[in-house]
């Protein structure tokens, strides 16, 4: 079956590093908290080793002088491959670590049936007393990130930084967000509260429900 969303994809370059790209398509899409006029596909940076490696190097340069201490990287939205390369970049000597094995933890939280993040007992030592960098695919409203930050605090960790592939936000809970792409890299990008969506007002149907993992057509 023809995927019309994929057929309309356009490549966009990071304003700071043209070796890093994402795909995006304009339309009417819904997230769990908002309606947006672009679906942003960051899949290549999450599943292709070379592109994830390039993105990690670019993120490292952005994190320099912004984040000093990182013991653990918590990966959201399937960003574990990128998180692995980012840990390698951060271990090159510019970032302080307290881990006795001189290497970073890279972990992923679980999400229970009421959308609370959690860590199993065997992973809690990677959070408790650690400086945690949270890595996400996309950030638009910040609600998911707030829940993740609360989770890190609950398990005794300290959020030392927040980073993402794409973000429309500058900070969450007072923590600056460092991202590879912003809305300035996508001309006309806008997010709307569902009750204020101009597409809905014009009876234009939603093309797909989207999140950091991808999209599902209706």
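Between 0 and 90 degrees, rounded to the nearest ten: what's the tilt of helix 49-63 against the longest Cα principal axis of the chain?
The angle comes out near 70 degrees.
Dividing the Cα radius of gyration by the Kirkwood radius, what Rg/Rh value follows for segment 42-162?
0.94
What full-extension length gain, to one decimal in nm, is calculated for residue 217 and residue 32 as 0.36 nm per residue of separation minus the Cα-Cα distance?
Length difference between fully extended and current span is 65.2 nm.
By how many degrees, 0 to 90 and rounded to 10, does the Cα axis of helix 80-90 deviate from the longest principal axis of the chain?
The angle comes out at about 50 degrees.
What's the center-to-center distance, using Cα atoms, between segment 15-72 and segment 159-218 in Å?
With segment 15-72 and segment 159-218 each reduced to a Cα centre, they are spaced 12 Å.
At a threshold of 8 angstrom on Cα-Cα distance, excluding pairs fewer than six apart, so keeping six or more, what relative contact order does the chain reach in percent?
That works out to 23 percent.
Given a Förster distance of 41 Å, report the FRET efficiency between residue 196 and residue 102 from their Cβ-Cβ distance, rounded to the nearest 0.05.
That gives a FRET efficiency of 0.25.
Rounded to the nearest 10 degrees, what's the angle between the helix 143-154 long axis and the longest principal axis of the chain, both from Cα atoms, 0 to 90?
Computed tilt is about 20 degrees.
Could you check the simple spin-label distance between residue 16 and residue 115, using points 7 Å along Cα→Cβ, in nm with one decimal?
Placing both labels 7 Å beyond Cα along the Cβ direction yields 3.0 nm.
If I histogram all Cα-Cα distances within the chain using bins 5 Å wide from 0, what percent of pairs lands in each bin?
1, 7, 15, 19, 19, 16, 11, 7, 3, 1, 0, 0
Expressed as a rounded percentage, what relative contact order does segment 47-149 have, with Cα pairs under 8 Å and six or more residues apart?
Value for segment 47-149: 34 percent.
In the chain, what % of DSSP beta bridges are antiparallel (nearest 5)?
Bridges in the chain that DSSP calls antiparallel: roughly 45 percent.
Under the rule a/c < 1.5 gives rounded, and otherwise a/b versus b/c splits prolate from oblate, where does segment 107-164 land using the Cα gyration tensor?
Here segment 107-164 falls in the oblate category.
Two decimals is fine: what's Rg over Rh for segment 177-218, C-alpha atoms, Kirkwood radius as Rh?
Using only Cα positions, Rg/Rh for segment 177-218 is 1.02.
Every number in this text was worked out from the coordinates using simple rules, so none of it is lab data. Values in this document were obtained by computation on a predicted structure and should not be read as measured data. Using ideal geometry, Cβ is built from the backbone for each residue, glycine included, and neighbour counts are taken over all protein chains shown.
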